[in-house]
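Below: one structure, written as structure tokens.
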Amino acid sequence: MSEVHFKVAIIGGGPAGIGAAVGLAKRGVGPIVLIERRGEVGGTPMGYRKKPGGVPTFVEWTRGRVVFGEELAGRLTKRLAQTSTTIRLNTQVTKIYPAEKRLTLLGPDGFEDIVADAVVLAAGAREQTPAEKGWLAGSRTARVGFTRHVTGWLDRHGLLPARKPIVVGSDLIAYSAAAKLCALGSDEPVMIDRRRSPEASFFERLFFRRWTRPDWSGGVSTVEIKGHGSPTHLESSNGQEWQGDGVIICGQLVPNTELALMAGMAVDLPSRQLQLAQGQALSQPGWFAAGNVLGGFHGAQWCYFNGCSVARSVARFL
Amino acid sequence: MTQFGTWQPKIRGRLYYNWPRGTCEEALRFTGSEQLGLEPYDLVIIGAGVVGCGLAYQLSQYELRVLLVDRLHDVGEGTSKANSAIIHTGYDAKPGTLESELLQEARAAWPDLAARLKIPVDPIGGIMLSVTDEQERQLTAAEKNAHANQATDVRILSAAEIREREPNASPDVRGGLLVPGESVGDPFMASIAYAEVALANGVDILLGTGIAGVELGQAPGAPVHHLVTDDGHRLPARRIINVAGLGSRRLADGYGGGAFDINPRRGQFVLFDKCARSLVRHMLLPMPSAHTKGVLVSPTIFGNLLAGPTAEDLPLDDPEATHTTVEGIRKVMEGGSRLVNGLTQQPVIATYAGARCACNQGSYMIRYNDGAPGVVTVTGVRSTGLTTSNSLARYLVDGMQKELGLELFSDTVALNARPESAWPGWWRRPFEDGVSDARSDHGCAVCFCEVISEGEIRDALDSPIRPRTMDALKRRTRALMGRCQGFDCKVPLAELVSGHTGIGIEQLTNNGPGSELVAPGQTVCPKEVSV
Ligand SMILES: Cc1cc2nc3c(=O)[nH]c(=O)nc-3n(C[C@H](O)[C@H](O)[C@H](O)COP(=O)(O)OP(=O)(O)OC[C@H]3O[C@@H](n4cnc5c(N)ncnc54)[C@H](O)[C@@H]3O)c2cc1C
Ligand SMILES: Cc1cc2nc3c(=O)[nH]c(=O)nc-3n(C[C@H](O)[C@H](O)[C@H](O)COP(=O)(O)OP(=O)(O)OC[C@H]3O[C@@H](n4cnc5c(N)ncnc54)[C@H](O)[C@@H]3O)c2cc1C
């Protein structure tokens, strides 16, 4: 197997990975390879297309504005294009070897190994599955999806994933999903959560009031999804019932740290939180993390700057 | 160079979905019984679970006109898709019963069967653990029982021996029974593989078609009966075999079958992520009670860890027999934690439930000429049907020869294996094993968690039982089965399916009409689609 060598390999081409590439380029570090499993760079924000009547949900602090994800991602991608980073699209890192700083990639030409002097993990995060929550059970129907599906169906295809949506969760992502649905033609969503009051702050909720005032039920206990084939309603153990034809599971991000976990690096369970040292270094020398893979929710621009600042730690290590 | 997805010789059977226009290709759509030919079938199998598929495979070795029909939208989509996926040795069966006999026959047959049909099976072995003094005393009897079932390699282990083999076993473990032959298998692939070969050999398969009743033929001797579908089609059959699992009672009512009562015994499961796989080496089993084998903890063939099942008796026709409950999941976690340390720290990715067909007349109830000549009822295949699917089929074919006068002539060109060129399958990946004919779309992952490529999805869509629902695709490729449960790949997958089959993306379903992926009744605005 051929082994191409790079100074730094970046896993993931979202805002954090782009930030790391831009930051390293500024410091004159190279050659750099950025590996992205999708057909385009930009990461999660790229899925949030600019649409007339749509809802902008990405805060661009440096401009003091809220924009559509693809606008923000587009600006970041331009900055990436000004560097001499090698970009490998449609290529997934399938395995890592921490001690050797070796990565196995699968791309259109098959498997390939590369080695680097340092590696930045910027693999982002995903939303918690219904089963993972532990309080949501019942029928496995269609149209129990994630926020990512809301953007996928609405922004890419103009299709409503539900006419009467039930949003599970109450953070910023949940409100943005509710707003998107409502703005593009669904009924006012029901929003339920275990928490007594919504997770999104008062100001965040105020921002979304223009599009949605979800029908809020907090402090729910355990909930079952009812229906066959398609959902008809949710029912809680204390007798509450919510009608709906689709369930959107929102927020509670789980970091994509499995590459590190399966390779034996220090990762907490069951949270899958990376154990970090100074400078966002991982438990093996030469490995770093940036962006949403750190755990918790971070805005896209924060992730970009976080990537930029990790570049400093990487450069120091090198 | 063999091309993935190609079958030699050609597929001789016909496959139809009884679906509304637009929901699948017109060539796959069932519109009337004339599509199946006018001759009555020699045999119609009602129920395409693993038992029905195994039987179809067996019968396809002979020159017979056979139809396999199911109300669901893929083969093996009922109880056969939601079980513990263990290929049992039968060490704990009641000696002398039909179940024990079929399990013993199956034990001998599985290695060859799995190799021919390309059903992944891993003989990881099991250890039954005793965690109380009373259970420890029962071990000797359990060992004796195993030996009576010809599982002669079963032996008792001390607590120390167990700890050496299973460092994460609970500290409460007093001892156990080593069962070297217990294996884990791919439960989905069993039904699919049987059905693919059966279809290739000329068995017709009709999916999405519930059988509402049977019009019994009145002619003396060997009458022709007619199956009436939910939507009023009539399918002529000389013989009918009812292997409809939990639907068998209602069907038997339709032809005046004898008395028996069945009910769903629900089993809930918790599936853990792959990082949990290393917690155990064998499948760890609890000591069984009179009611149930109890909650086990086992690696899956796919490299995850599984805990379950519960055993909850529900009334027949309870629509929630395959729903999970928070209480049930709690019980699974509790039961699993009695055997294994640290289970609750492991990330859960999914939960599911299956419904065993529990029969008050005991397991494996078989009746020939039940209610009418040429009608066979098989029910109560409760807890071991995956394992016995092949031996039971052999037993039923023998029985039908004797009791129904079924005449058998070998079909000399029939396949008894899936060809090497059957699409790669999740266990044999296009770019691994030195396979030389991989295409570039075999390198573009669409399901990132399980690393399944666009090419593999296309190959699966072209495989003989043309899967046309997301769930059917999932069982063949493992896309959507990983830790993100479709977060990343659900929409891209739907785009891929729509693009490859020409079915409108808004028409795609999870598991057949009524389970559309988006709110029904919308049409795509073509401008929005960016490819
Ligand atoms: C569902 C969801 C909704 C959100 N909504 C908003 C919002 O409305 N407003 C807002 O401000 N922020 C939102 N965020 C947060 C915002 O998307 C993130 O802050 C930002 O995108 C994180 O950047 P990142 O680079 O860390 O991760 P991502 O943008 O997720 O990028 C990670 C990239 O890594 C790639 N990758 C992962 N693993 C591999 C691998 N093994 N090999 C190759 N490539 C890999 C992925 O394909 C992806 O492109 C949302 C996040 C999520 C998950
Ligand atoms: C929790 C659990 C754990 C198990 N663990 C194991 C194990 O580890 N190993 C093992 O070997 N076995 C196991 N089993 C048992 C095994 O799953 C079953 O024995 C087997 O799946 C039964 O197959 P079947 O074909 O009889 O039933 P099913 O798979 O239920 O098939 C019956 C089919 O008939 C169809 N049908 C019903 N009525 C009609 C109608 N009117 N018209 C048309 N079609 C109809 C249904 O749609 C269904 O597809 C387990 C079962 C459960 C529930």
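The values are calculated or read from the model by the stated rules, or taken from the named source; none is laboratory data. Quick caveat: nothing in here was measured; it's all calculated off a predicted structure. Reconstructed Cβ throughout: ideal geometry from the backbone, glycine too, with neighbour counts over all protein chains shown. Please note that ligands, DNA and RNA were not included when accessible areas were found on the heavy atoms of the full protein model with its side chains. Shrake-Rupley method; radii C 1.70, N 1.55, O 1.52, S 1.80 Å.
Annotation: A:R27 carries an accessible surface of approximately 110 Å², with a 1.4 Å probe and no ligand, DNA or RNA atoms counted.
Interface size between chain A and chain B, please: total buried accessible area, 1.4 Å probe, rounded to the nearest 100 Å².
What A and B bury together is about 4800 Å².
Taking all protein chains in place and a 1.4 Å probe, what share, in percent, of the accessible surface of the stretch A:129-249 do carbon and sulfur account for? Heavy-atom surface of the stretch A:129-249 belonging to carbon and sulfur, 1.4 Å probe: 47 percent. For A:K50, the lysines whose Cα falls under 29 Å of its own Cα, not counting residues fewer than eight places away in the same chain, are A:K78, A:K164, A:K180, B:K490, B:K527. Indicate, rounded to the nearest 5 percent, the antiparallel portion of the DSSP beta bridges found entirely in the stretch A:129-249. Counting DSSP beta bridges with both partners in the stretch A:129-249, the antiparallel share is about 30 percent. Whole-Hz Karplus values for the stretch A:280-297 come out as 6, 7, 8, 6, 10, x, x, 10, 9, 9, 8, x, 5, 5, 6, x, x, 9 Hz, taken residue by residue from phi with 6.51 cos²θ - 1.76 cosθ + 1.60 and θ = phi - 60°; glycine and proline positions read x. Normalising by residue count, chain B has a Cα convex hull of 150 Å³ per residue. Accessible area ranking (1.4 Å probe, heavy atoms, ligands and nucleic acids excluded), largest first, for B:S289, A:S221: B:S289, A:S221. Computed with a 1.4 Å probe over protein heavy atoms only, the accessible area of A:W242 comes to about 20 Å².
Less than 5 angstrom separates the built amide H of A:S230 from those of A:A142, all sequence-distant by 5 or more or on a different chain.
Does any residue of the stretch B:343-376 lose at least 30 Å² of accessible area with all protein chains in place compared with its chain alone, and if so which ones (probe 1.4 Å)? Hits at the 30 Å² cut-off: B:Q345, B:P347, B:V348, B:T351. Hydrophobic, long helices, defined as DSSP H runs whose alpha-carbon span along the helix axis is 15 Å or greater and whose mean Kyte-Doolittle value is at least 1.0, occur in chain A at A:15-26, A:172-183. Of all DSSP beta bridges confined to the protein assembly as shown, the antiparallel ones make up roughly 60%.
Accessible surface comparison of A:W61, A:W153, A:W211, probe 1.4 Å, protein chains only, largest first: the order is A:W61, A:W211, A:W153.
Converting phi to 3J(HN,Hα) with the Karplus coefficients 6.51, -1.76 and 1.60 and the offset θ = phi - 60°, the stretch B:251-257 yields 5, 4, 4, x, 10, x, x Hz in sequence order, with x at every glycine or proline. Protein heavy-atom surface of chain B, 1.4 angstrom probe: 50% of the accessible area is carbon and sulfur, with nucleic acids and ligands not counted. At a probe radius of 1.4 angstrom, the accessible area of the stretch B:430-507 per residue rounds to 25 square angstrom. For chain B, DSSP calls about 70 percent of its internal beta bridges antiparallel. Rounded to the nearest 20 debye, the dipole magnitude of the protein assembly as shown is 2520 debye, with +1 charges on Lys and Arg beta carbons, -1 on Asp and Glu beta carbons, and the Cα centre as origin.
With all pairs of separate Cα atoms included, the stretch A:129-249 yields a Kirkwood hydrodynamic radius of 14.1 Å. Counting, for every residue in A:126-135, the Cβ atoms of other protein chains within 10 Å of its Cβ and taking the mean gives 6. Accessible surface comparison of A:W302, B:W426, probe 1.4 Å, protein chains only, largest first: the order is A:W302, B:W426. Amide H to amide H, with H built 1.01 Å from N, A:G138 comes under 5 Å of A:I225, B:T324, B:T325, counting only residues 5 or more places away or on other chains. Amide H contacts of B:I349: B:L271, B:F272, B:D273, each under 5 Å away and 5 or more positions distant or on a separate chain (H built 1.01 Å from N in the peptide plane; Pro and chain starts excluded). Normalising the Debye intensity of chain A to I(0), with uniform scatterers on Cα atoms only, and taking log10 at q = 0.09, 0.11, 0.13 Å⁻¹ returns -0.49, -0.72, -0.95. Largest first, the extents of the alpha carbon coordinates of the stretch A:191-267 on the three principal axes equal 44, 38, 23 Å. Annotation: per residue accessible area for the stretch A:129-249 equals 37 Å², rounded to a whole number [probe 1.4 Å, protein chains only]. Per residue, the average separation of C-alpha pairs within less than 8 Å and at least 6 apart gives the stretch B:430-507 a relative contact order of 25 percent. Interface burial in the stretch B:443-467, defined as at least 20 Å² less accessible area with all protein chains than with the chain alone at a 1.4 Å probe, covers B:G443, B:C444, B:A445, B:F448, B:V451. Here the 3J(HN,Hα) profile of the stretch B:30-46, calculated from phi with Karplus coefficients 6.51, -1.76 and 1.60 at θ = phi - 60°, is 7, 10, x, 5, 5, 4, 9, x, 8, 4, x, 5, 5, 7, 10, 9, 9 Hz, Gly and Pro shown as x.
Straight-line cross-link reach from B:K293 at under 24 Å between alpha-carbon atoms covers these lysines, not counting any fewer than eight positions away in the same chain: B:K81, B:K94, B:K144, B:K331.
When Rg and the Kirkwood radius Rh are both evaluated on Cα atoms of the stretch B:430-507, their ratio Rg/Rh stands at 0.95. Figure legend: label point modelled 7 angstrom from the Cα of A:H228 along Cα→Cβ; residues of the stretch B:41-75 with amide N under 14 Å from it are B:71-73. Relative contact order, whole percent, for chain A stands at 23, derived from Cα pairs under 8 Å and 6 or more residues apart. Accessible area of B:E101 (1.4 Å probe, protein heavy atoms only, ligands and nucleic acids ignored): about 100 Å².
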